């Protein structure tokens, strides 16, 4: 979902990306996870502190897999997820 969000922001001019994020993640030994149906299940119970559906999917996946998130979005701190 993070790659999706990056590409959408680049397409509307909110972000300039002059590299392939998938390749860069591989070079940095960062694992890219696919969003599964099980990852989406927490969305039903996830409180609506954040209306951005992609961010909500990222939060739900982090909660499902007990992963740490890196974000400067203050709304992320309202969720039961670990922020860096």
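Read-outs throughout are calculated quantities, based only on the coordinates presented, and are distinct from any laboratory measurement. These figures come from a predicted structure and were not determined experimentally. In this analysis, Cβ positions are derived from the backbone assuming ideal geometry, glycine residues included, and neighbour counts consider all displayed protein chains.
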Report summary line: residue 58 passes all but one of the listed conditions (1) in contact (Cβ under 8 Å) with a residue 12 or more places away in the chain; (2) closer than 22 Å to residue 79 by Cα; (3) out of contact with any helix residue (DSSP H, G or I) (no Cβ under 7 Å at 6 or more places or on another chain); the exception is number (3)
**Report entry** Meets criteria (assigned to a helix (DSSP H, G or I), closer than 14 Å to residue 58 by Cα and touching a residue at least 12 places away in the same chain (Cβ under 8 Å)) for residue 46
**Finding:** no
**Report entry** Top-ranked residue in the stretch 10-42 [being within 13 Å of the chain's Cα centre (by Cα) and in a helix (DSSP H, G or I); ranked as surrounded by the most Cβ atoms within 10 Å (Cβ to Cβ)]
**Finding:** 39
